[in-house]
Amino acid sequence: MNTKLIVQLLVVCFISSTTIFSQSENDAAVLAKIRAEGLGRSQVEKTFSHFTEVIGPRLTGSPALKAAADHSVALLKQWGLNDVRLDTWEFGRGWTLDRFLIELTEPRYMPLIGFPEAWSASTPGEIVGTPVYIGDKTQVDLEKMKGQLKGAIVLSQRLQDSFERVDRKQPTMFDEAVPIGQPRPPVGSSPFITSVAMNKAIFETGAAAIIRPNRGEHGTLFVLGRDNGDAAMPSVIISAEQYNTILRMLERGVKLKLRLNLQARFLTDDKNGYNIIAEIPGTDLKDEVVMFGAHLDSWHSATGATDNADGAAAALEAMRILKTVDVKPRRTIRMALWSGEEEGLLGSQAYVKKYLAGDANKAAREKFYVYFNLDPGTGPIYGWYMENNVAAKTIFDEWLAPLKDLSMRKNILQPIGSTDHVSFIRGAGVPGFNAVQDYELYDIRSHHTNMDPFECHIPHRPAPR
């Protein structure tokens, strides 16, 4: 059993339980039970592999995301959790990929490493043609070309000359403050996603499809996407090295052709997003809530192992363990698995707006103590980002002391953004904290890429003999 996954859930369990147990509870005894159950009888890898191998990519609005949500609900009910439910919110139309092919056919054959962006439109069957380079065009230039590129495959960016080559620093390894945000390529490199206005201008040229490079190396593709509505086009990310090769061939006057076939569907029968909620009710302070969670959705080009099947599986396992060891919390422990995180924290924002924000939710907000989140990074939890909350850091530092043998290092005073705890802080003014985990090969290889399978989360496993 992989100890990194177990450590994740054990820390969440411990932080939650320490926050909620009454003074009469023997915290050390409870922690011992949690350790024994988590380390000796864990089911986390089974849950994790179901998300990554059985279900696969879990794009919000897709049938796969709904399947993962239904599976999570079934597990929580099987384990005996309370108030297990799908909490719906309005998302919009979904999208799923049915078939995809991209290859160089002339002057020689070469299969290309590529993947469509989410919410790409389909091509009208198979299209073959010499690509047209428009990476040197401005939006104004393209607006003047309306209708002039009918049926063309366009190369929409300049040569990719900068790459994601450095993971963010691990902040627990340094005494001084370190940059926590994801590193980006230098200014001047090709943008990753074309703006809505630029996409519309390309659409109105009549082009049949867009080909883009990305900042990944060695076949790694950073693949996201947006719904451009009526201006949706077939839009494909290919490896930067192959994109650059094609551009150089064009510059040298080589006559070349690409073949492309992209078949996808927009899904409108169910426009809901789904959050999964479950809880263990408290005793004398049951109206007060401690909450933890992770996002269940992923992007579509890989199985979303590090982002964020590991966090979702750990959150589920934490609830299973707490229920199995029969904790009796004073305050209610609530868990959530969010959808729509990848499109902008949409699921957690919807939850906060519905249950915690505004005058109508004032009473609930005042009894909501804290939210803990599992998302960026992979492997052991080393501590928590404290959101510049000095008073809370003092408490969290005490919690870490008995967990040093489980890889805990220290809490980081700095905040971290772009994940679901931010919805609670900004939307309702309640405390929210995210775990500190490893970034090794995270920013440069697995985060939002086609290289986020099971093995990315559990590296260095010995080969069978």
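Return yes or no: is residue 417 farther than 17 Å from residue 31 by Cα, in contact (Cβ under 8 Å) with a residue 40 or more places away in the chain and out of contact with any Phe, Trp or Tyr (no Cβ under 8 Å at 6 or more places or on another chain)?
So residue 417 fits the description; yes.
Scan the range 251-272 residue by residue and report those that are of a type in the set (A, V, I, L, M, F, W, C) and closer than 15 Å to residue 105 by Cβ.
As a first pass, look at the range 251-272 and keep what is of a type in the set (A, V, I, L, M, F, W, C): 254, 256, 258, 260, 262, 264, 266-267.
Result: 254, 256, 258, 260.
For the range 389-418, how many residues are touching a Pro at 6+ places or on another chain (Cβ under 6 Å) and not in a strand (DSSP E or B)?
Looking only at that region, the number is 1.
Check the range 282-289 and report whether any residue there is in contact (Cβ under 8 Å) with a residue 60 or more places away in the chain and hydrophobic (A, V, I, L, M, F, W, C).
Checking the range 282-289: at least one residue is in contact (Cβ under 8 Å) with a residue 60 or more places away in the chain and hydrophobic (A, V, I, L, M, F, W, C).
Which of the residues spanning the range 220-275 are among the small types (Gly, Ala, Ser), in a strand (DSSP E or B) and over 30 Å from residue 87 (Cα atoms)?
If the condition is that a residue be among the small types (Gly, Ala, Ser), in a strand (DSSP E or B) and over 30 Å from residue 87 (Cα atoms), then 235 is the only one that fits.
Considering only residues of the range 310-343 that are of a type in the set (D, E, K, R) and in a helix (DSSP H, G or I), which is farthest from residue 71 (Cα to Cα)? Full working, then the answer.
Taking the range 310-343 first, the residues of a type in the set (D, E, K, R) are 310, 317, 320, 323, 326, 328, 330-331, 334, 341-343.
This time we only want the ones that are in a helix (DSSP H, G or I), so: 310, 317, 320, 323.
Values: 310: 15, 317: 13, 320: 14, 323: 18 Å.
Step by step, filter the range 310-343, then rank; the result is 323.
With the condition kept exactly as written, say whether any residue in the range 114-126 is of a type in the set (Val, Ile, Thr) and in a strand (DSSP E or B).
no
Going through 66, 77, 146 one at a time, which residue ends up being of a type outside the set (Gly, Ala, Ser) and free of Cβ contacts under 8 Å to residues at least 40 places away in the same chain?
Just a single option satisfies the conditions, and that option is 77.
Hey, does the range 388-410 have a residue that's within 24 Å of the chain's Cα centre (by Cα), at pLDDT below 95 and of a type outside the set (S, T, N, Q)?
yes
Name the residues in the range 80-113 that are aliphatic (A, V, I, L, M) and part of a loop (DSSP other than H, G, I, E, B), would you?
If the condition is that a residue be aliphatic (A, V, I, L, M) and part of a loop (DSSP other than H, G, I, E, B), then 81, 112, 113 are the ones that fit.
Just to be sure I understand the filter: pairs with C-beta atoms under 9 Å, separated by 6 or more residues or on different chains, first member in the range 420-437 and free of Cβ contacts under 8 Å to residues at least 24 places away in the same chain, second member in a helix (DSSP H, G or I) and surrounded by 24 or more Cβ atoms within 10 Å (Cβ to Cβ). Which pairs pass?
These pairs meet every condition: 426/352.
Of these, 25, 53, which one is farther than 20 Å from residue 375 by Cβ, modelled with pLDDT under 85 and of a type outside the set (S, T, N, Q)?
So the residue among 25, 53 that is farther than 20 Å from residue 375 by Cβ, modelled with pLDDT under 85 and of a type outside the set (S, T, N, Q) is 25.
Quick one: in the range 94-147, of everything that is surrounded by 15 or more Cβ atoms within 10 Å (Cβ to Cβ) and aromatic (Phe, Trp, Tyr), which residue is farthest from the chain's Cα centre (by Cα)?
133
Going by the structure shown, is residue 454 within 30 Å of residue 54 (Cα to Cα), within 18 Å of the chain's Cα centre (by Cα) and at pLDDT 95 or above? Before the answer, list the steps.
On the way: within 30 Å of residue 54 (Cα to Cα): yes; within 18 Å of the chain's Cα centre (by Cα): yes; at pLDDT 95 or above: no.
It is false that residue 454 is within 30 Å of residue 54 (Cα to Cα), within 18 Å of the chain's Cα centre (by Cα) and at pLDDT 95 or above.
Select from the range 159-195 the residues that are closer than 30 Å to residue 249 by Cα and at pLDDT 85 or above and write down the one among them that is surrounded by the most Cβ atoms within 10 Å (Cβ to Cβ).
Residues of the range 159-195 that are closer than 30 Å to residue 249 by Cα, as a first pass: 159-166, 184-195.
Keeping just the survivors that are at pLDDT 85 or above gives 159-166.
On the way: 159: 15, 160: 22, 161: 13, 162: 14, 163: 18, 164: 20, 165: 12, 166: 10.
By that ranking, first place goes to 160.
Specify which of the listed residues (77, 46, 66) is part of a helix (DSSP H, G or I), within 18 Å of residue 265 (Cα to Cα) and basic (Lys, Arg).
Going through 77, 46, 66 in turn, just one is part of a helix (DSSP H, G or I), within 18 Å of residue 265 (Cα to Cα) and basic (Lys, Arg): 66.
Of all residues in the range 419-446 being at pLDDT 95 or above and in a loop (DSSP other than H, G, I, E, B), which is nearest to the chain's Cα centre (by Cα)?
419
Taking the range 213-256 as the region of interest, how many residues are surrounded by fewer than 21 Cβ atoms within 10 Å (Cβ to Cβ), among the small types (Gly, Ala, Ser) and over 21 Å from residue 59 (Cα atoms)?
Total meeting the criteria: 2.
The values are calculated or read from the model by the stated rules, or taken from the named source; none is laboratory data. In this text, all values refer to a predicted model and were calculated from it rather than measured experimentally. Every residue, glycine among them, receives a Cβ derived from its backbone with ideal geometry; neighbour counts consider all protein chains shown.
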